[in-house]
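Where a number appears in this text, it was derived from the coordinates with a stated rule and is not lab data. Every value quoted in this text rests on a predicted model; they were computed, and no experiment measured them. Quick reminder, even Gly has a Cβ in these numbers, built from the backbone with ideal geometry, and neighbours come from all protein chains shown.
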Amino acid sequence: MSIHTSARGLPVTTSSSALAQALHAFEEQVLDYGNQAAALFDALPLDPDCALANAYAAALHLFRSTREGQIRARPFATAAKRLSAQTARERRLIAAVERWSAQDVPGAIHILDRAVLAEPTDLFAVKLHQHLLFSTGASGAMLAAVGPVAAAVPNEPRVLGMLAFALDQTGSHREAERAARAAVEIAPDPWAHHAIAHVMDAERRHDEGRSWMLAHADAWAHCTSFLYTHNWWHAALFHLALDDRDGAMALYHERIWAMRRDYVQDQVNAISLLARLELVGVDVGDRWQEVADYVRPRRFDALEGFLDLHYAYALARAGDDESVGDLLGALRARAETKTGTGAGRVALVAGEAMVAYARSDYQTAARRLGSVVADISLLGGSTVQRQLFSTLLTSARAGGHRSLELAA
């Protein structure tokens, strides 16, 4: 087994130079939110004994954020740990993915803390680090981690996009916009477009935000369905804030609920927009039933609390009491485990609140959600995404009152 060097100058232990190139291509797809990352699976037979390739295959399954994805990832993560990797960089990545596959996200983050410090040019490690930190609501740690990378790798648009997002999530909106615009001047980075949408939402620059997203939408064509639908979701929120309900609903059908309906992140975008449309008085008809058909298989997952809250709301709005019971049962079981005492408890209580609100039990919703809303960032999700929970709490406390101002 020899060491090949990737196009970024990083080592890969493999007998196949073609596989080394394929691993670099995978890293680039992840950094770009590209829709061709799954090509990695086609390259695996070039060297089935490449430890890093197996770790990346596991990561690709884990990015799905489902129980099924975890099950499929485990054999690859186990193989990666068993196989030979000759460099510290590879061993750190393999160890982090193995911890992630074992649902030890804090352990994975701890390993990636060291990986990013040791090798700030390893942008895949940087991106994975931010992804996992974001899933735990650790916005301050996101900023602390990516700042030195931006200094070590200047004028890299994907790094500037990550820096912009971290700055926005910690409330530094002006600095976030500067970093994102610097990224876009170099290349049309979709994550930088996304960061500016956050800034404009926070500063209530809704008309400017809508124009910004529409002007840059062509750059999202190569993206995964998640970022494609999520950026259009942000555009729909600007439509809503400008009282253009028809425009928001049109984006729901044409862009947001129009890609991979079986993918959880697309489901979350759809659920969140439907909830917000109802909060401003739009009758969404039987759309909850359609979404629930795709969400129902996730009712036993209980992997990421932020996702689970959306599942709970959709299933309850669709009147699927059996699936709601299954989901709350899974959240309760997680909360009762040693690892579920913090975020797990928040997810359970907030999940119960989401169900109560969906069933028009506003008193229970206000009491349950009010008791955990201060800690809901532990479940992940961005500042704009979490606005839904504070909006529902305000509405519940007002007896289910709905108005455009509540959702804006």
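Quick notes on this one:
- Gyration tensor verdict on the stretch 155-222 (Cα atoms; rounded if a/c is under 1.5, prolate if a/b is larger than b/c, oblate otherwise): oblate
- In plain terms, the residue of 223, 50 with the fewest other Cβ atoms within 10 Å comes first and the most crowded comes last, giving 223, 50.
- Along the axis of the charge dipole computed for the chain (Cβ charges of +1 for Lys and Arg, -1 for Asp and Glu, origin at the Cα centre), the listed residues 71, 269, 247 are led at the positive end by 71.
- Least to most buried among 222, 24 (fewest other Cβ within 10 Å first): 222, 24
- Theoretical ellipticity at 222 nm over the chain - DSSP helices of four or more residues, -39500 (n - 2.57) apiece, nearest 500: -21500 deg cm²/dmol
- Listing 212, 233 from fewest to most neighbouring C-beta atoms within 10 Å gives 212, 233.
- Separation of the stretch 244-305 and the stretch 121-164, taken as the distance between their Cα centroids, equals 29 angstrom.
- Computed from the Cβ-Cβ distance with R0 of 30 Å, the FRET efficiency linking residue 117 to residue 67 stands at 0.40.
- Between residue 260 and residue 286, the distance separating the two model label sites (each 7 Å from Cα on the Cα→Cβ line) works out to 2.8 nm.
- Each of 370, 56, 235 was placed along the dipole of the chain (beta-carbon charges, centred on the mean Cα), and the one lying farthest toward the positive end is 370.
- A DSSP coil position with no more than 16 other Cβ atoms inside 10 Å describes the following chymotrypsin sites (Phe, Trp or Tyr not before Pro) in the stretch 254-337: 300.
- Placing +1 on the Cβ of every Lys and Arg and -1 on the Cβ of every Asp and Glu, with nothing else charged, gives the chain a dipole about its Cα centre of roughly 1000 debye.
- Nearest-0.05 FRET efficiency for residue 217 and residue 21, computed from C-beta distance (R0 30 Å): 0.45
- Projected label distance in nm at residue 155 and residue 375, using a 7 Å step from Cα toward the beta-carbon: 4.8
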